[in-house]
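Each value in this text was obtained by applying a stated rule to the coordinates, not by laboratory testing. As the structure is a prediction and not an experimental result, all values here were calculated from the model. FYI the Cβ positions are ideal-geometry reconstructions off the backbone, even for glycines, and counts take in every protein chain you see.
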Amino acid sequence: MRCADASRRGPHRVLHGYPRNGCARRDQRLTCRRAAPGARFPRRVKPSPVIGIVGSAGTYGRWLRGFFARHMGLRVLGHDPGDPAADPPEALLEQADVLLFATPIRVTAALIDDYVRMAAGREAGKLWLDVTSIKQDAVEAMLRSRAEVVGLHPMTAPPKAPTMKGRVLVVCEARLDRWRPWLRSLLDALEGECVYASAQRHDEMMALVQAMVHASHLAQAGVLEEYAARLGGLEAIMPFRSASFELDVAIAARILSLNPAIYEEIQFGNTHAAEVLDRLLERLAELRDLVRRGDDDARARFRERFLRSREAFGARALAEGNYAYERVGYLLADLVGSRYTSVHLPDDRPGSLCTLLHVFERHGVSLESIHSSRTPGGEVHFRIGFVRGTDPAGLAAAVEEIGRSGIGRVLESG
């Protein structure tokens, strides 16, 4: 999530670059609060409120703009210095019933403070939201307004799907009253798996869920960088992969392919991250020292630590995690199959997949696996794997019929 450069400033002093005074950090716990003193609320909120997005040209700003407009049928205004056609801040403050900040972590709190000053009380009775990855500073800044306040954190990059179905969405209700029913309708429309927490608890959790995990994979990427040069590059290492290694490389590649500023702020902007990284380094140093010693006592200490962690996880978490790993392992194995076809079904109706599968049946082609996924452009497609020894002529005839009949569009075959 980004708000572009600081070069375009309107008549109001709205910060789009790094704030000179930084973002204040506070440790007190945030609890759900009622309306701000002196705030006046309408008797009921509009069923179809106008949405204003600050940071509307960023990746999440663009996704949310499309979601509100297409999925919820709402009017959306957007301000972003990276968009010459964007609405001015004053238009958002005057017309938007819901103001959402989708801006870089580092500037969000200061930017919210600017909007509080410009609003000058006009935000009373409205709803302010943010979607940054660190919550405490942003939520506290919004609480300095007279608006109702909720922090949201989608635990995913902007999805290619139209909703967040199957993805976790953390909800930090800081001050919520009359907008609660509408917020519920928004969360229902997003279809995410909602988890509720205070802003402080969210940030504590993110030090583990994001900062520790990202740091681990960035460290692995650095080690691979050093060794790959000597061993012939990553492409020389991958043929020796295990499922665990393949998953770790995929996660590292995912991180490295995205905006480094996001990952920088997840580390530097979370007051709990340094402590978690200290614990991680201690565990790695302990393991390194035991391996260097290499004696029976060191091995016994290793087993003791291993079994202690196993007990701490608990039987249920071990069983569920192991099963999830096995499922992913089977998926990875299916995806490297040499004989497959990927098909997009443009006609999204009941029975369309069945019609597709009947084509293979008519041509005597037996299926080994079928998985749904999305193309980089967001189109749903089915990757169908075939058993060894499949008749090439029968498969070619099936693929030709799929395209000719208009049942589907063949994206790729192997």
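Using only alpha-carbon positions in the stretch 154-252, the gyration tensor eigenvalues give semi-axes of 39, 16, 8 Å once each is multiplied by 5 and square-rooted (largest first).
The Cα center of the stretch 285-311 and the Cα center of the stretch 161-227 differ in position by 34 Å.
Dipole orientation for the stretch 203-293: of the candidates ALA207, ILE255, MET238, MET238 has the Cα lying most toward the positive pole (charges on Cβ; Lys, Arg +1; Asp, Glu -1). A crude spin-label estimate for the pair ALA324 and THR156, with each label 7 Å from Cα along the Cβ direction, gives 1.4 nm. Sorting 86-98, 389-401, 276-288, 304-316 by average packing, meaning the other beta carbons within 10 Å per residue, from highest down gives 86-98, 389-401, 276-288, 304-316.
Kirkwood Rh over Cα pairs of the stretch 203-293 into Stokes-Einstein at 4 °C, 1.567 mPa s: D in µm²/s? Diffusion coefficient, whole number: 89 µm²/s. Considering only GLY121, GLY351, GLY166, the Gaussian network model of the chain with Cα springs below 10 Å gives its largest mean-square fluctuation to GLY351. Listed by chain and number, the lysines whose C-alpha is less than 21 Å from the C-alpha of LYS135, apart from same-chain residues fewer than 8 away, are LYS126.
When a/c reaches 1.5 or more, the comparison of a/b and b/c decides; with that in mind, is the stretch 51-197 rounded, prolate or oblate per its Cα gyration tensor? Intermediate results must be reported in sequence, preceding the final value.
Numbers: a/c = 1.40, a/b = 1.17, b/c = 1.20.
Rounded, since a/c falls under 1.5.
Estimated purely from DSSP H runs of n ≥ 4, each contributing -39500 (n - 2.57), the mean residue ellipticity at 222 nm for the chain is -14500 deg cm²/dmol once divided by its residues. Each of GLY166, LEU353, PRO84 was placed along the dipole of the chain (beta-carbon charges, centred on the mean Cα), and the one lying farthest toward the positive end is PRO84. Each Lys and Arg Cβ is given +1 and each Asp and Glu Cβ -1; about its Cα centre, the stretch 337-413 then shows a dipole of about 100 debye.
Place a +1 charge on the Cβ of each Lys and Arg in the chain and a -1 charge on the Cβ of each Asp and Glu, then give the dipole magnitude about the Cα centre in debye, rounded to the nearest 20.
Details: 57 positive and 51 negative charges, 286 e Å.
The dipole magnitude comes to about 1380 debye.
Converting phi to 3J(HN,Hα) with the Karplus coefficients 6.51, -1.76 and 1.60 and the offset θ = phi - 60°, the stretch 126-136 yields 9, 10, 10, 10, 9, 10, 7, 7, 10, 9, 4 Hz in sequence order, with x at every glycine or proline.
Only the Cβ atoms of Lys and Arg (+1) and of Asp and Glu (-1) were treated as charged; on that basis the dipole of the stretch 133-202 about its Cα centre amounts to roughly 60 debye.
This structure gives Rg and Dmax of the Cα atoms in Å, computed directly, and of [x] 21.7, 69; [y] 22.8, 76; [z] 25.5, 77 that value is listed as [z].
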